[in-house]
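The values are calculated or read from the model by the stated rules, or taken from the named source; none is laboratory data. Keep in mind that what you see is a predicted model, and the values were worked out from it rather than measured. Don't worry about glycine lacking a Cβ; one is built from the backbone with ideal geometry, like all the others, and counts go over all protein chains shown.
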Amino acid sequence: MKGMVHIYYGDGKGKTSSAMGAMLRAVGHGWKVGVVQVMKGRPSGEITAIREFLGEYVDVYRYGRKEFVIGKPSERDRELAKRGLSRLGKMVRGRKYNMVVGDEILTAIDFRLLSVSDVVEVVKSKREDLELILTGSICPKSLMRYGDIITEFKMIKHPYYLGEPAREGVEY
């Protein structure tokens, strides 16, 4: 089976949730999945559940601080994102996984933590039979040309923009 490159991007809610849904579907078929999250370090329900119930099938690597990156990223943010991309590269070239998720890799491009060309190189290096999912806020056209399945998430309305904080169990 030929593996596809999925790109889930946009300003709407649900990109990570969609990637986790695809991961869950893959696990249901006995696939081994690798997840690399950049720019995310605080505890989240999906990561807790994966580690608790799916650890046999899913490996999770997180490269982010507990504080969300707002404004100008720090050198630490840049270092963590680069380490995450390096891990992602090893995963997409290796034989261990059937599916790999690069969560917020595209957002790291938007925050200039990673270069488009470095991410493109990782995508181009993936095994032919590997399913790869990338998520984030933006997707540069130069990266889009490598996507087989591209979905844009558009925010219409969200209470966060009215001052409501993110809710445990719903947003994280």
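The set of residues in segment 63-97 being touching an Asp or Glu at 6+ places or on another chain (Cβ under 8 Å), of a type in the set (A, V, I, L, M, F, W, C) and within 26 Å of residue 26 (Cβ to Cβ) consists of 85 alone. Restricted to segment 119-150, and to residues that are surrounded by 16 or more Cβ atoms within 10 Å (Cβ to Cβ) and hydroxyl-bearing (Ser, Thr, Tyr), which residue is nearest to residue 70 (Cα to Cα)? Filtering segment 119-150 for residues that are surrounded by 16 or more Cβ atoms within 10 Å (Cβ to Cβ) and hydroxyl-bearing (Ser, Thr, Tyr), the one nearest to residue 70 (Cα to Cα) comes out as 137. The test for being modelled with pLDDT under 95, β-branched (Val, Ile, Thr), under 24 Å from residue 171 (Cβ atoms) and out of contact with any His (no Cβ under 8 Å at 6 or more places or on another chain) holds for residue 70. All of 100, 60 fail the test of being closer than 29 Å to residue 28 by Cα, surrounded by fewer than 20 Cβ atoms within 10 Å (Cβ to Cβ) and within 12 Å of the chain's Cα centre (by Cα), apart from 60. Is it true that residue 43 is in contact with a Leu (Cβ under 8 Å, 6 or more places away or on another chain), over 23 Å from residue 147 (Cα atoms) and part of a loop (DSSP other than H, G, I, E, B)? No, not satisfied.
The set of residues from segment 47-61 being over 19 Å from residue 169 (Cβ atoms) and touching a residue at least 24 places away in the same chain (Cβ under 8 Å) comprises 57, 58, 59, 61. The strands (runs of 3 or more DSSP E) falling completely within segment 70-172 that include 2 or more residues that are within 19 Å of residue 34 (Cβ to Cβ) map to 99-103, 131-136.
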